[in-house]
Structure formats: structure tokens, C-alpha cells
1. I need the full set of residues from segment A:241-263 which are within 25 Å of residue A:204 (Cβ to Cβ), assigned to a helix (DSSP H, G or I) and modelled with pLDDT of 95 or more, in order please.
2. May I ask you to say which residue of B:49, B:89, B:150, B:57 is part of a helix (DSSP H, G or I), in contact with a helix residue (DSSP H, G or I) (Cβ under 9 Å, 6 or more places away or on another chain) and more than 18 Å from residue B:268 (Cβ to Cβ)?
3. Quick one: residue A:334 ticks every box in (1) outside any helix (DSSP H, G or I); (2) in contact with a strand residue (DSSP E or B) (Cβ under 9 Å, 6 or more places away or on another chain); (3) within 14 Å of another protein chain (Cβ to nearest Cβ) bar one, so which box is it?
4. Out of the residues in segment B:1-33 meeting the condition of being closer than 30 Å to residue A:56 by Cα and surrounded by fewer than 10 Cβ atoms within 10 Å (Cβ to Cβ), tell me which one is modelled with the highest pLDDT.
5. Within segment B:278-295, does at least one residue satisfy the condition of being surrounded by fewer than 18 Cβ atoms within 10 Å (Cβ to Cβ), facing chain A (nearest Cβ under 10 Å), in contact with a helix residue (DSSP H, G or I) (Cβ under 9 Å, 6 or more places away or on another chain) and in a helix (DSSP H, G or I)?
6. Could you identify the single residue in A:166, A:159, A:148 that is closer than 30 Å to residue B:281 by Cα, touching a residue at least 60 places away in the same chain (Cβ under 8 Å) and away from chain B (no Cβ under 14 Å)?
7. Conditions: (1) on the phi < 0 side of the Ramachandran plot; (2) more than 8 Å from chain A (Cβ to nearest Cβ); (3) not in a helix (DSSP H, G or I). Residue B:263 meets all but one. Number of the miss?
8. Please work out which one of (1) away from every other protein chain (no Cβ under 14 Å); (2) surrounded by fewer than 17 Cβ atoms within 10 Å (Cβ to Cβ) is the condition residue B:210 fails and give its number.
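The values are calculated or read from the model by the stated rules, or taken from the named source; none is laboratory data. If you're wondering where the values come from, they're calculated on a predicted model, not measured in any experiment. Ideal geometry is used to build each Cβ from the backbone, glycine not excepted, and the neighbour counts take in all protein chains shown.
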């Protein structure tokens with residue numbers, strides 16, 4: 001009798017073990033070829049297929065904008081959201097089934113597909129000089145490869161924002177305009193017995209991205225955008241002394257006594273979405289929180305009802321002493337890239353490139369215009385208009401560096417090593433060495 | 001497409017009916033077709049007809065992927081170019097990976113033994129209770145078995161949670177106890193001294209598996225003939241002697257089965273580590289490293305190499321278990 005149950009167990013268990021262990025597939029993608037030349041513009045067939053990473057729910061505004069385009073031109077446009085865009089666009093392009101236009105959530109992939117000769121340069125299709133004039137400075141750099149332009153930005157987001165309680169200025173604090181003012185503001189807040197920063201980086205398996213954002217902000221301010229580009233493209237090693245210095249600058253902020261709520265340990269265990277909440281307690285548990293514009297969705301419901309009336313925001317200042325002169329902005333954005341050259345696609349690209357593109361999208365929310373000429377009164381929410389203004393005032397725009405690095409670094413060791421550094425397990429040098437070591441290829 | 005729970009249930013039922021019914025129909029049709037053959041061929045072919053689909057499924061879903069995995073482990077991240085043993089060389093030169101192997105060893109050493117000991121203890125002690133308390137005690141111990149690994153990790157996440165900001169109340173059980181005793185708050189899952197964070201994760205698995213061990217061992221203990229125990233008692237053996245010299249030898253095959261079953265489960269441990277720490281602070285295990293390499297870093301070559309290492313580690317255990325299985329069948 002004792003054998004009956006075990007025997008039964010054994011059978012399922014052998015199968016399950018093996019199935020669990022062996023469920024690995026690697027699928028190869030052969031390399032493409034050919035030079036990048038848009039060739040002759042063909043006549044359009046009256047319809048355009050777009051593939052993008054913007055999910056269905058967020059695409060309401062995009063579809064409204066596309067409808068305006070269809071009403072104007074009579075060209076039918078179908079937007080298909082992809083939940084696994086990175087894989088899907090590669091598969092489609094390699095399989096000869098590319099959409100007419102793809103909306104890339106980050107420029108790294110545009111670079112990859114341009115290197116393999118699959119994207120079309122827009123120079124032969126639209127007036128790209130006009131784009132350079134109307135877009136936020138620095139934005140076009142990310143899709144300019146060998147002096148040719150491979151994308152039209154259609155949406156951006158801004159990371160370099162510092163949120164404060166509404167009564168911030170009434171408490172006697174002055175909104176800092178330079179990095180040094182920000183640093184002395186910290187001391188001022190501490191002197192008043194308050195806590196300067198709320199900082200939470202816990203995000204389950206993704207813990208660490210908040211720290212890497214901080215390091216990127218600091219590299220951008222301390223060393224400037226050109227150095228930043230060389231860093232993200234691995235032209236200089238990750239353990240360059242200047243990067244180590246930037247990591248230590250972040251460490252100085254986090255480890256400064258009483259500077260961050262809960263200290264270094266607190267930043268590692270506080271979920272990033274909960275971390276801004278002390279801004280809204282009475283008295284505030286902290287005075288400043290640096291986070292991208294999406295963080296408002298994590299604010300308490302009653303705060304969200306009237307953002308502009310409940311919270312203040314300023315751009316993370318630049319002009320670091322001995323560093324970059326000006327205020328750089330870190331962010332993300334979607335880029336429209338062409339895979340077909342016909343009259344329809346040209347018309348739609350021209351539509352995307354117009355400074356007032358997205359007025360419909362601005363009304364539905366969750367969107368920031370990449371154009372400095374966009375009319376901010378279009379935004380339905382005054383807080384978004386305020387952020388858009390900060391973005392338009394920026395001196396240069398750079399993409400989130402961890403998105404530009406190989407995933408093993410940008411979504412791997414950069415995160416984990418920053419956790420180890422903040423947790424006191426490694427020095428900045430050791431962490432940077434380990435990241436450099438992990439940068440394959 | 002639809003999120004309607006009713007439609008989901010209908011979908012599920014249809015899938016079950018079609019799956020089970022389809023399989024039954026397939027065997028029935030094959031059986032019928034073979035039955036049309038002359039008697040001698042009918043008898044010759046029939047066994048293959050019945051075992052054939054199973055062999056086919058195992059080949060397609062187990063053997064083929066296994067072979068491909070081994071092949072891909074010698075290729076690069078996108079499985080395009082051969083790189084020889086480079087993936088393995090990289091793995092074994094990576095200090096983190098060696099730490100991962102050590103962690104797996106810790107899990108292997110502690111979880112099966114721990115679960116068997118706890119399960120056996122509960123089984124033996126509960127056996128001496130009256131029927132109702134025995135049932136209640138066993139149900140409580142068995143209950144975690146019904147919780148998924150992810151669910152259990154979420155629960156234990158609250159046990160280990162710590163708040164550091166001044167004035168915040170501790171929401172984690174462990175931190176609430178330690179701070180009320182006057183200790184400073186600590187981040188439990190980041191304490192690498194003595195692999196404490198690994199041990200805290202391992203406890204979760206023991207908590208989950210002790211019930212499984214208990215149920216099987218309990219039924220085995222109840223299967224021990226009373227006369228053997230009574231004979232020992234008459235001969236003047238102490239209770240401890242009876243347990244170790246009379247009961248344990250008789251339930252030993254079950255102990256082995258439970259041990260090996262949990263051992264194999266532990267080799268594949270992933271969910272707990274992924275949810276609790278994501279492998280940070282030196283807590284990664286092979287399955288987590290594999291997941292991260294393939295799905296986060298997109299390095300199919302190295303991910304395959306990790307799986308091959310895991311496979312090599314599992315094979316001896318499987319062989320041992322098959323032998324045990326055969327031995328038991330022979331008895």
C-alpha cells in the first residue's frame with residue numbers, strides 16, 4: 001500500500017521536471033543587407049499600416065489624430081499595437097512583412113534596423129531640416145545616423161522632473177535653477193528639520209532603474225551630452241573615472257545623513273510607486289521627489305483630481321559647476337520610422353512632422369509633444385502644460401541611457417550593480433568594473 | 001479576446017472536452033483500424049499503436065527541445081554563429097554564476113531534508129493524537145501546499161518587509177519583532193552574511209513542501225503493521241528505538257521517494273527567488289539565471305548553457321530515482 005501514492009507522484013513529476021527544464025528555444029534571425037536608400041516615391045494605394053508599442057488604451061489619442069489625417073487626405077490608416085514590439089518588428093522586417101511605418105519606443109532599435117539596411121532615410125521623403133528646427137534640441141540626434149534622418153518623434157516623456165508639495169515656496173524654499181542651488185537647498189531643508197528627498201527604487205525584478213536614472217541625470221550634467229552619447233554607445237568603458245565619479249555623486253546624495261527618507265536601506269526597500277506619497281502627508285514626509293511625468297498616476301486619487309492645485313514641479317536643474325552649461329533633459333519617446341516609400345507614407349510623415357501634430361492626443365492625456373512650437377493650451381490638464389513648458393525650455397534632450405545599452409547591461413547589471421552600490425555591498429569602482437565586465441560584444 | 005469570466009469558463013470546458021474526447025477518439029479510431037488487420041498483425045501492431053502517440057509527444061516536446069538546447073548552448077546570443085565552449089567558459093568564470101551554483105547546492109542540501117524532517121515529525125506526532133485534532137493539525141500543515149509559489153512569496157514578502165523611515169510603523173512581522181526588541185531595522189533579504197538571505201528564502205520552500213512530505217509519510221506510517229511495533233514493545237524497546245529501528249526502516253522507501261521528489265522540485269526552484277529578490281544580493285539560482293539570460297538579456301546561447309548545467313545536475317538524481325522505482329516494482 002505504501003507504494004501506491006509515490007508511484008503515481010513519480011510519473012507526473014518526471015514529465016513535469018523535464019518539461020520545465022527543457023522549455024528553451026532560441027530562434028535565430030539571419031542578418032539583412034543593402035544600403036539605406038529610400039529610392040523613388042511610389043504611388044500610394046490609399047492605406048497605411050502602422051505597428052507600434054503604444055498599447056491600445058493609450059492609443060486613443062493617437063487614433064484620434066490619425067482620424068484627422070484620414071479625414072483630410074482620404075488615406076486609411078490602421079494602427080496595430082504590439083505587446084512584444086521589439087521581437088515583432090524584427091520578425092516582421094526580417095520576414096519581408098514590415099509595416100509601412102513603425103513607432104519605435106526607443107531609438108536603439110531604429111539604429112539596429114538601420115545598420116541592417118531595413119529602415120528608409122526620411123531625407124528623400126520629407127523636409128528634415130524643418131524637423132530639426134521644430135523639435136526639442138537633441139531629440140533628432142538619436143535618429144540621425146550617418147547624417148541621414150530615420151525617424152519623426154511623435155511623443156515624448158520627461159524624466160528630469162522634481163515634484164514638491166504645493167506649499168513648497170511658501171515654506172521659504174526657492175526653486176533651484178542650478179545644480180549647486182539644488183545641493184544647498186538640501187542643506188536648507190535639513191536645517192529646518194525636514195527631509196529633502198523621497199526616493200524609492202524597489203520594483204520587484206526591475207529594482208534599480210530609479211538609481212540608473214539618477215546616474216544618467218548626473219552624467220548628463222557633470223560631463224555633458226557628447227560624453228553621455230559615448231558612454232551609452234560604449235565608446236568609452238563603463239568604468240571610466242568620470243562614470244565612477246557620477247555614481248559617487250549619486251551616492252553622496254543618498255548617503256548624506258538625513259537627506260533621503262529612510263536612508264540608503266529605505267531607498268532599496270521602498271516601492272517606487274509608493275515613494276512620492278510622503279509629499280502629500282501633513283506635514284510632508286519629504287520635500288522633493290525626482291521622477292518622470294508618469295508618476296502622477298501613482299499619486300493619491302484626490303491629488304490626481306487637481307494636480308496643478310496639489311503639487312508643484314520643476315525641472316531637475318543643470319549648470320553643474322565645471323559640467324554642462326544649460327539644463328539637459330532625460331526622457332523617452334516614440335519615433336515614427338518608414339519601411340515603405342510611397343505618397344501615402346510621405347503625407348503621413350509630413351503630418352507627424354507638423355509642430356501642431358497631436359492636438360487631439362493632448363486632449364486625451366498621457367502625451368507630451370516633441371515639438372517646441374506646440375501650443376501648450378491644447379493640453380487638457382494644466383500640469384501637463386507646465387511639464388511641456390519645462391521640456392520646451394530644455395537645452396538638450398537625451399534618451400534614457402539604460403534603454404540604449406544592451407539589455408544585459410541596461411536592464412541587468414547596471415540595475416543590479418547600482419543596487420549593490422547603494423546597499424553598501426560594493427564601491428562605485430567595483431560596481432562600474434562589474435558592469436564593464438558584463439558588457440558583451 | 002474576451003475578459004468575460006463566463007466565456008473563459010466555457011472556453012476551458014470546451015478545451016477539456018475536446019482534449020480528452022479527442023484523445024479518446026484518436027485511440028478508439030486507431031484501435032478500430034488495427035482491429036481490421038488479420039489477427040496475427042493485429043496483436044503485433046497494437047502495442048505500438050497505443051504507445052506511439054505518447055512516444056511522439058515526448059519526442060516532440062521533450063527530446064527535441066533538449067537536443068536543441070544542447071546545440072544552442074554552443075552558439076551565440078542569437079543562435080547564429082558557433083562559439084564553441086565560450087558560453088560555458090564565460091559562465092564558470094563569472095563569480096556570480098559560481099555563487100548561483102552554491103545557492104542551488106544550499107537549496108538542495110536544506111529543502112528536501114528539512115521538509116522530510118518536519119513532515120516526519122508532524123506525521124509521527126499527529127499519529128498519536130485523537131482523530132479530529134490529528135485531522136486539524138494535518139490540514140494546517142498541508143494547507144500551504146494549496147498556495148502557489150508566487151502567492152507564498154507574496155505572503156512571506158510581508159514577513160520580511162522592513163520600513164526604514166523614522167516614524168514609519170513596521171509592516172513586516174520579522175522587523176516588527178526585531179525593532180520592538182530594540183534592534184535597528186534591517187533589510188533581511190540583503191543580509192549575505194552566512195547566506196542568511198538564502199536561508200530566509202529556503203524556509204519558504206520548506207514551509208510549502210512539509211505538508212506534502214507529511215501526507216505521504218503519514219500514510220506510510222499508518223501502513224506499518226501494528227504487530228511489528230507491538231513485538232518491539234514486548235521486547236522492551238524504547239519509543240525512540242521503535243521509531244528509528246522499526247518504523248523508519250519500514251517507511252524508508254517512501255522517505256526516499258519524498259526526498260527525491262522534493263529534490264527535483266528544488267533543482268528547478270525559480271518563482272520564490274524571482275518574486276522575493278529577483279536574484280539580487282547573491283540569491284540567484286540556476287533557473288532564475290536562465291530566465292534572466294533568455295528573457296531579459298536575450299542571450300539564448302548563455303541561457304541554454306545554464307539549462308544544460310541544470311540538466312546535467314538533474315540527470316544523476318533522475319537515474320537514482322528510476323532505479324529506486326524499478327527496485328520497488330520488483331518487490
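1. A:247, A:250, A:251, A:253, A:254, A:255
2. Only one candidate passes the filter, namely B:49.
3. So the condition that residue A:334 fails would be (3).
4. Filtering first and then ranking leaves B:6.
5. yes
6. A:159
7. (3)
8. With (1) away from every other protein chain (no Cβ under 14 Å); (2) surrounded by fewer than 17 Cβ atoms within 10 Å (Cβ to Cβ) applied to residue B:210, the lone miss is (2).
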